[in-house]
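Working notes, structure below.
The values are calculated or read from the model by the stated rules, or taken from the named source; none is laboratory data. Fair warning: this is a prediction, and the values are worked out from it, not measured in the lab. Positions of Cβ are backbone-derived with ideal geometry, glycine not excepted, and every protein chain shown enters the neighbour counts. Each accessible area value is taken on the protein alone, full model and side chains, heavy atoms only, with ligands, DNA and RNA left out. Shrake-Rupley method; radii C 1.70, N 1.55, O 1.52, S 1.80 Å.
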Amino acid sequence: MPKLGDIIVVLEQLAPLALAESWDNVGLLVGDRNRVIQTAMTCLTITPESVAEAVDRGAELIVTHHPLPFRPVQTITSDTAAGKLLLELIGAGIAVYSAHTAYDSAHAGINQHLAHGLGLQEIEPLVPADDGEVGSGRFGLSDQPQDLRELAYRTKTFLNIDAVRVTGDDEHPCTRVAIACGSGGSFLAAAHEAGCDAMVTGEASFHSCLEAKALGIGLILAGHFASERFALVSLADYLSEQIAGLSVWASGAENDPLRTV
């Protein structure tokens, strides 16, 4: 049976922690590397719902995208929401691992998956790391002529969502497209420098939307949850295939905290 340390080796081969942003909190956050792990759950975010699911189904490890704790803490008490969740996880003996921005930027990470899913070709990082093969964000050429309306439709179809938010004209041509999962407004300048016509991201501020319009970049906002959650399902499948003796599932309890009414 695999030990937690063995699982971490596979995770760090997929998403080397050196790719993580300097502000991020990645790697093993809770747990004993020598403990044998037979059951694991992937999720986008640790919430009361996902913790309850992990406890009920007997998970011994949670591989979460968003880290908990996200920032350094001096105390872990039930006085805070994060503290309550951590105490429950520790009490249940559940380890926690997060790759977050390392998985965003990895060669087979979230942005790469999203770029492929939207039919992009000749895919490159928007902000390359040292070797130029990996890095933050992605951009590439569309596999067919399309305008912003059509790119929005492809985004909805791939992510299996009902709606996206769009900045720009429906007929705006989208030949070179940038990708930034999660909150990607900060990548607009890199997308513009790369000559992109459009960018697909999870969320961006009002001012980033204005900036996109001023730069002539069509902007598609799919929602933070939708732009990343799909990759945690494929991560569960990947870990199951790569690690003998490990049963892994993607959380079925977590959901997007935002809804349209």
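Tabulated results
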{"read-out": "Residue check for Arg138: free of Cβ contacts under 8 Å to residues at least 60 places away in the same chain, charged (D, E, K, R) and closer than 21 Å to His113 by Cβ", "value": "yes"}
{"read-out": "Members of the range 166-192 found to be under 13 Å from Ala212 (Cα atoms) and not hydrophobic (A, V, I, L, M, F, W, C), listed by number", "value": "Thr167, Gly168, Asp169, His172, Gly184, Gly185, Ser186, His192"}
{"read-out": "Extreme residue, most open to solvent (accessible area, probe 1.4 Å), among residues of the range 11-26 that are closer than 16 Å to Leu239 by Cβ and in a helix (DSSP H, G or I)", "value": "Gln13"}
{"read-out": "Every residue from the range 94-117 that is farther than 19 Å from Thr47 by Cβ and among the small types (Gly, Ala, Ser)", "value": "Ala102, Ser105, Ala106, Ala108, Gly109, Ala115, Gly117"}
{"read-out": "Scan of the range 223-261 for residues that are surrounded by 14 or more Cβ atoms within 10 Å (Cβ to Cβ) and either in a loop (DSSP other than H, G, I, E, B) or without any contact (Cβ under 8 Å) to a residue 60 or more places away in the chain (or both), ordered by number", "value": "Gly223, His224, Ser240, Ile243, Leu246, Ser251, Ala253, Glu254, Asn255"}
{"read-out": "The range 1-10 - residue that is touching a Gly at 6+ places or on another chain (Cβ under 9 Å) and open to solvent by less than 50 Å² (accessible area, probe 1.4 Å) and, of those, nearest to Ala244 (Cα to Cα)", "value": "Pro2"}
{"read-out": "Considering residues of the range 1-10 that are part of a helix (DSSP H, G or I) and either in contact with a Cys (Cβ under 8 Å, 6 or more places away or on another chain) or free of Cβ contacts under 8 Å to residues at least 60 places away in the same chain (or both) only, the residue farthest from Ala108 (Cα to Cα)", "value": "Gly5"}
{"read-out": "The range 143-171: number of residues that are of a type in the set (Phe, Trp, Tyr) and more than 20 Å from the chain's Cα centre (by Cα)", "value": "1"}
{"read-out": "Elements of type helices (runs of 4 or more DSSP H) contained in the range 27-137, each with 1 or more residues being open to solvent by 10 Å² or more (accessible area, probe 1.4 Å) and out of contact with any Gly (no Cβ under 9 Å at 6 or more places or on another chain)", "value": "48-56, 81-91, 110-117"}
{"read-out": "Sole exception among (1) within 23 Å of Glu124 (Cβ to Cβ); (2) among the aromatic types (Phe, Trp, Tyr); (3) out of contact with any strand residue (DSSP E or B) (no Cβ under 6 Å at 6 or more places or on another chain) for Phe225, by number", "value": "(1)"}
{"read-out": "Conditions (1) closer than 20 Å to Ala163 by Cα; (2) open to solvent by 20 Å² or more (accessible area, probe 1.4 Å); (3) more than 19 Å from the chain's Cα centre (by Cα); (4) small (Gly, Ala, Ser): number failed by Ser208", "value": "(2)"}
{"read-out": "Members of the range 31-82 found to be farther than 23 Å from Ser227 by Cβ and of a type in the set (D, E, K, R), listed by number", "value": "Asp32, Arg33, Arg35, Asp56, Arg57, Glu60, Asp79"}
